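Data first, discussion second: the structure below is written as structure tokens.
None of the figures in this text is laboratory data; all of them are computed from the coordinates on show. Source: prediction; values computed, not measured. Cβ: placed from backbone, ideal geometry, glycine included. Neighbour counts: every protein chain shown.
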Ligand SMILES: Cc1cc2nc3c(=O)[nH]c(=O)nc-3n(C[C@H](O)[C@H](O)[C@H](O)COP(=O)(O)OP(=O)(O)OC[C@H]3O[C@@H](n4cnc5c(N)ncnc54)[C@H](O)[C@@H]3O)c2cc1C
């Protein structure tokens, strides 16, 4: 599993040692963007990536200026080539454990142990989808979570929104910007449990509310055509929005004792504006720290963390030289 990748066109410079200045765990937009900055700052950098970016189910990545509509896999392949061209090493592997003494020792699934002075954890998040038959199978195609990612592509179609989260009413209201034909399925929530305020807002926005548990999504010819309720009725819908539970991949940060904080979307690492965690020497970037981030934000996060780390390493080495 340790084959190098991202080196399709560029040779990778290796250093004959398992010690780096910075290890980036996760090679999505956040991790690769950090690695690009570090490589260009001439830092010995390793990117360890398990190769499962969050937007993999989607055929196209939208809303990234100059890359709008690019397939996510192509975006990352170009990123890996750019990063590798600056001598950053990339491995397809998984970081399974990390310990901190004077530096950090990262254990990989392949059995290799690598060390570094600084760590960036850019491991993304897992979308936990509601267990409605059809939802997982169609996710990223016509079952959607984010109108900024996919709204334009399904504009004016009949939308359904399945209520599975406290954010679902807001989601139903928001997507009316992309279609005026929106039905909210409260699913396992009784209509009586929706607040009067929510019901007033939904009515004002023209959102229909159809009570009853959703039994499954109806798919014909590889296309979503409806939502079937437990009573057998089918409501014709061409796109369905759901609100997955967003679970940032923080196991390694927690292993290092990083502080977590409550956010409107659940627990996430406590970081400053550069992504610095409460563990000295450890940064977090991208969806691993803020679950609402899009690709462009994740890339910006990686950039910020890398610049801060480089600055810190320069100053640390100068201070050490001053003390000699
Ligand atoms: C279906 C879908 C469609 C989307 N469409 C869009 C869109 O059109 N436009 C947009 O801007 N945003 C879109 N997003 C959001 C986008 O996916 C995220 O903003 C982006 O992926 C965040 O980048 P990241 O680098 O933080 O995480 P990721 O891209 O998820 O990358 C994290 C990487 O870390 C790796 N990793 C995890 N744990 C480890 C470990 N222990 N060791 C090594 N590697 C590890 C993972 O395998 C993965 O490769 C979409 C999301 C979904 C779910």
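Note on the chain: GNM, Cα springs under 10 Å; of 258, 203, 109, the largest mean-square fluctuation is that of 203.
Relative to its Kirkwood radius, the Cα radius of gyration of the range 11-115 gives an Rg/Rh of 1.00. Over the residues of the chain, the helix contribution to mean residue ellipticity at 222 nm works out to -7500 deg cm²/dmol, using -39500 (n - 2.57) for each DSSP H run of at least 4.
So how much slack lies between residue 97 and residue 230, counting 0.36 nm per residue of separation and subtracting their Cα-Cα distance, in nm?
Values: separation 133, 0.36 × 133 = 47.88 nm, distance 4.45 nm.
Between residue 97 and residue 230, full extension yields an extra 43.4 nm.
Modelled spin labels at residue 223 and residue 188, positioned 7 Å past Cα toward Cβ, are 3.2 nm from each other. Spin-label model, residue 19/residue 105: points 7 Å from Cα along the beta carbon direction are separated by 1.4 nm. Against the longest alpha carbon principal axis of the chain, how many degrees, from 0 to 90 and to the nearest 10, is the axis of helix 72-84 turned? Roughly 10 degrees between the two axes.
With the simple spin-label model, which puts each label point 7 Å out from Cα in the Cβ direction, the residue 155 to residue 70 separation comes to 2.3 nm. Mean projected area of the Cα convex hull of the chain, taken over all directions, amounts to 18.8 nm².
Jot down the per residue volume, in cubic angstrom and as a whole number, of the convex hull over the alpha-carbon atoms of the range 130-241.
Working: hull volume 10.0 nm³, N = 112.
Normalising the Cα hull of the range 130-241 by residue number yields 89 Å³.
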